[in-house]
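Here's the structure we're looking at; comments come further down.
The values are calculated or read from the model by the stated rules, or taken from the named source; none is laboratory data. Just so it is clear, the model here is predicted, and its values are computed rather than measured. Counting neighbours? That spans all protein chains shown, and the Cβs are built from the backbone with ideal geometry, glycine included.
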Amino acid sequence: MAEGTANAGPVLSVRGLKVAFAVADRHVPVVRGVDFDVYQNEVLCIVGESGSGKSVTSLAVTGLLPETARVEGSITLGGVEVNGAGRDALRRMRGEDVGFVFQDPGTTLNPVLKVGRQITEGQVALSRLRPAEAEGRAVELLRDVDIADPEQRVRQYPHQFSGGMRQRAVIAMAIAGQPKLIIADEPTTALDVTVQAQVLSVLARRQAEMRAAVVLITHDLGVVAQVADRVAVMYGGRIVETGPVEAIFRSPRHPYTRALLRSIPRMDTDEVRLDPIPGQPPMPHALPAGCAFEPRCALGSGRPRCREEEPPLSTVASEQNAACHFVDEAPPAPKVHAMARPKMAEAEAPPLLDVKGLKVHFPIKSSVLQRTTGWVRAVDGVDISVRAGETLSLVGESGCGKTTIGRTVMGLVQATAGDIRFDGQSMVRLGPADKRKARRRMQYIFQDPYSSLNPVLPAEDIVAEPLRIHGLYDEMGGAERVAELFDMVGLSRSMLSRYPSEFSGGQRQRIGIARALILAPRLVILDEPVAALDVSIQAQILNLLQDLQAELGLSYLFIAHNLSVVRHISDRVAVMYLGRIVEQGTRDELYSNPVHPYTQSLLSAAPDPDPAARHSSRRIVLEGEIPSPAAPPSGCVFHPRCFRADARCCAEVPAFRPYPGLATWTACHHAGPLEQNPAALAEVSR
């Protein structure tokens, strides 16, 4: 707990909170008896898988649940009871006492209102701010959250802000009333690692200045380790463990907490297989009779007491509580397995995929005459190759061109210049019929498993669709081939007739993988395939991808921004910035000895799932936003944000060449180990 807060009394106190939603003729429990306190200048992180009740708890605290929800228990904020309060009292509480930062700033900000007006409209409505003062106050708040040129930005609309800027504008809105409590629900989930670091830094500074209490809801355990004072772990609508962040990470006592921590990929581990939690979280309408975690628990699965009796949340150590019947028993030692690795082609063998000088430029059209007035240089001269059995990962911030490369290789986007050779054939020179035939040997797995699946087709037809498109349904085995793919990706054949809405997120991604493999491809392009998944489900999918690669000899072009996931799955890594590769090398070399300032910044900003790291590590937090690819900077495209930039960087484009002594290529005039530039490092403070 933050110093000096224990004797002041909690800002927020929740006791016996229960929330149920009306479904058909009954109420389904979603939150089942939650107790917690949050104190001034304290950060409480609530973690758990999707469906555990985290967000519903936060919405209940602010009185934002729909009228169909039945809420029981006590919610006291600043000494005032929230549950049962009238509409006017809740409205004033939200404007004065609570600031809410939602996961998607796009749904928070009204697209037809200027950002400045939205930031202060709550304070104007409550008569805490005169309309004539509103714009000046909005400028101050935008400056407080590190948005450059706030005098101009205050008059712009949300679509003119980047994702990170929109999230910072939402933080400005949340702190406008100097609230006692800030609730942030997955505020960094959709953000790149560098933007995430910026947003968390802004939130921490503003919270410290106001000495506000913070409830942070997230599934990113690295973020939890870096910002939390205390942690509450939720499962099946209950808190199953709570305690100081150091104790939770050092000595977790509930089997679910241990399993969560074991399932995350880390950047500091050897090549060991991830240890996912088996099965799926329970649905609220089908909770087990006893402990909700019993069906997935390595310690209590099958034990009668766990099946029949729900354990209470009780004290197990100083300031640490857990809800487990056998909390004092030593857990089974986790099984450690080496990762499955395919046999890669010899180094001298020609690559399966060879991309040379790839450029993808999109025209900018005038609104009236539709003339081309400029070009968006999404990809601006990229060379990459993937050998048989190899995984090459593309990393970088949003807008750098990663996905455009993947879609262009697949033929979904037309190349402006350059060549793409796949299995010895130039894809850009093939006619439509030959290109379609060649594309059978490469397939694409999309980020969002739901929007990429046809909602009106059963899973069997979705997986079989590529066979029918290519006229190979009978030739390749038809229904039996589809059933074999279901077995291969870990889905039951009894699910073949179900529709996408009847599957969980992880199961939908397995359907997408099965569909990609149905034509027996040699190359699979994976575009953020685990970004939308909980850490436990993410581990299952990553293990599955590695098993399939080893079994089938697949090559992967893996696109991601999660550096821990990339570290776990890759053989080689290419780092992109503004349409260009700035550093490329073997995974171990690049992670151990990055030499480009941008790569060093990315690795530095990645949250470490170790609370001790926030007190000992030094980080680089990049300032500003990525420049527009429609107007890239002269010289090195990274120089406006680079801590090593000089006059040469502003004028001269650096060549992409090997770095002496390392298995790394880089494009930087001043490449070198970070130790050569100690002044670039800045202490990150809460």
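So the values come out like this:
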item	result
Answer from 483, 520, 531 - the residue that is surrounded by fewer than 23 Cβ atoms within 10 Å (Cβ to Cβ) and under 14 Å from residue 448 (Cβ atoms)	531
Close pairs from segment 88-107: first closer than 14 Å to residue 186 by Cα, partner modelled with pLDDT under 85 and among the hydroxyl-bearing types (Ser, Thr, Tyr), Cβ under 6 Å, at least 6 apart	103/189
Filtered residue count, segment 22-39, keeping only those that are surrounded by 18 or more Cβ atoms within 10 Å (Cβ to Cβ) and either among the aromatic types (Phe, Trp, Tyr) or in a loop (DSSP other than H, G, I, E, B) (or both)	2
Of residues in segment 41-76 being among the polar types (S, T, N, Q) and not in a helix (DSSP H, G or I), the one surrounded by the fewest Cβ atoms within 10 Å (Cβ to Cβ)	68
Any hit, segment 99-106, residues being touching a helix residue (DSSP H, G or I) at 6+ places or on another chain (Cβ under 9 Å), assigned to a strand (DSSP E or B) and either at positive phi or not small (Gly, Ala, Ser) (or both)	yes
Single residue of 460, 475, 484 found to be of a type in the set (D, E, K, R) and touching a helix residue (DSSP H, G or I) at 6+ places or on another chain (Cβ under 6 Å)	460
In segment 531-571, the residues that are modelled with pLDDT under 90 and part of a loop (DSSP other than H, G, I, E, B)	531, 532, 533, 534, 561, 562
Selection count where residues are under 16 Å from residue 314 (Cα atoms), in contact with a Cys (Cβ under 8 Å, 6 or more places away or on another chain) and not charged (D, E, K, R), scope segment 210-265	6
Members of segment 91-113 found to be farther than 14 Å from residue 174 by Cα, more than 24 Å from the chain's Cα centre (by Cα) and either among the β-branched types (Val, Ile, Thr) or outside the structural domain of residue 187 (by TED's automatic domain parsing) (or both), listed by number	112
Scope segment 179-201; condition modelled with pLDDT under 85 and either buried (at least 24 other Cβ atoms within 10 Å of the Cβ) or β-branched (Val, Ile, Thr) (or both); matching residues	188, 189, 193, 194, 195, 197, 198, 199
Qualifying positions in segment 645-663 - closer than 23 Å to residue 622 by Cα and not small (Gly, Ala, Ser)	646, 648, 649, 650, 652, 653, 654, 656
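A quick yes/no check of all residues on (1) part of a strand (DSSP E or B); (2) touching a residue at least 12 places away in the same chain (Cβ under 8 Å):
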{"residue": "358", "(1), (2)": "yes, yes"}
{"residue": "361", "(1), (2)": "yes, yes"}
{"residue": "368", "(1), (2)": "no, no"}
{"residue": "374", "(1), (2)": "yes, yes"}
{"residue": "380", "(1), (2)": "yes, yes"}
{"residue": "393", "(1), (2)": "yes, yes"}
{"residue": "400", "(1), (2)": "no, yes"}
{"residue": "405", "(1), (2)": "no, yes"}
